[in-house]
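All remarks here apply to the structure that follows.
Throughout, read-outs are computed from the coordinates displayed, never taken from laboratory work. Predicted, not measured: the structure shown is a model, and the values here were computed from it. When we count neighbours, we look across all protein chains shown, and the Cβ atoms used for this are built from the backbone with ideal geometry, even at glycine.
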Amino acid sequence: MKTTHPVAAFSLVEVLVTVAIVLVLAVMISGATRSALEHTRATQCAANLRQLVTANLAYAAEHGGRYVAAQDPSNNIRWHGVRQSGKDAFDPAQGPLAAYLGAEGRVKICPALADVLTGSGAFEQGSGGYGYNAAYIGGTPADSFSPSLVSRVPQPGQTMMFADTALPRREGLQEYAFAEPFRWEDGAGNLRTALTPSVHFRHGGRANVAWCDGHTTIERPSRIGPVNFYGGDNQKHLVGWFGPEENNGYWRP
């Protein structure tokens, strides 16, 4: 006579528990991978910003102690590139900082930028996703085309030079080459109209900031929008300001 043996098998409950465990592990691994990727991108972004500060300081050392100008009166030269006319795109390899930006001679692009840009026809393509403190470093309230002297920044470790930026418009989120302070300051030193914010908190709700002494930090927003003169949604895209608002905070030397 043949003896039969029962075949071992998983019960339905055991199968469901196993599937649930696998799914939980997959979610955990996916989250850890995403977190590691975000950290890597933020670290590379900070390195790009430090390079911009170093380039600007080197530029100033060879140009009478003045930082690079944020723009020129022709509207065809920006700190990050040059164009032939208002109808052309900026060429980032021809900008005034090109000689100080290594072999590539252009602003490196924030690795998190491509994932968030949704609009076309940006004002400032070629800025790498970074904005310059044009109000007080690349220009002055008295003359927006005349950059500040390095010697006129008494606390470089508390004065921002560059930051992660972007500009929400009705057409979508676009590059923007300036990090706008809270308010416009007139030539007499009076704070006037509220400005459209441009600091973009794209690294897990935080933004990288490079200071005039060369160090970088990653900052949380102190205020998000809502001022936007272009029909964009600052709340949706996490665009605003960081730090104290009084006297334009960390923008003003």
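Estimated at 0.36 nm per residue, the fully extended path between T193 and T40 surpasses their Cα-Cα distance by 51.3 nm. For the range 204-213, the Karplus equation 6.51 cos²θ - 1.76 cosθ + 1.60, evaluated at θ = phi - 60°, returns couplings of x, x, 9, 10, 7, 10, 10, 9, 5, 8 Hz by residue, with Gly and Pro reported as x. The calculated 222 nm mean residue ellipticity attributable to helices in the chain amounts to -7500 deg cm²/dmol, summing -39500 (n - 2.57) over DSSP H runs of n ≥ 4 and dividing by all residues. With both labels modelled 7 Å from their Cα along Cα-to-Cβ, the A47 to I21 distance reads 4.0 nm. Across the options T196, A70, Q84, the greatest Cα extent toward the positive end of the charge dipole of the chain (unit charges at beta carbon of Lys, Arg, Asp, Glu) belongs to T196. The angle separating the long axis of helix 12-61 from the principal Cα axis of greatest extent in the chain is about 20 degrees. Shown for F145, F242, F162: other C-beta atoms within 10 Å of each C-beta, ranked fewest to most, produce the order F145, F242, F162.
In the chain, with Lys and Arg counted as +1 and Asp and Glu as -1 at Cβ, which of these residues, T140, L52, N208, has the Cα nearest the positive end of the dipole, that is, farthest along it? The one lying farthest along the dipole's positive direction is N208. Of the trypsin sites (Lys or Arg not before Pro) found in the range 159-253, those that fall in a DSSP loop while having at most 16 other beta-carbon atoms within 10 Å are R170.
For a test of the definition: using alpha carbon positions, the gyration tensor, and the 1.5 limit on a/c, classify the range 115-188 as rounded, prolate or oblate. Note, shape of the range 115-188 comes out prolate. For the chain, the alpha-carbon coordinates run over 106, 40, 39 Å along the three principal axes, in decreasing order. For H200, H39, the sequence from fewest to most other C-beta atoms within 10 Å is H39, H200. The slack between R220 and E104, meaning 0.36 nm per residue of separation minus the straight C-alpha distance, is 38.6 nm.
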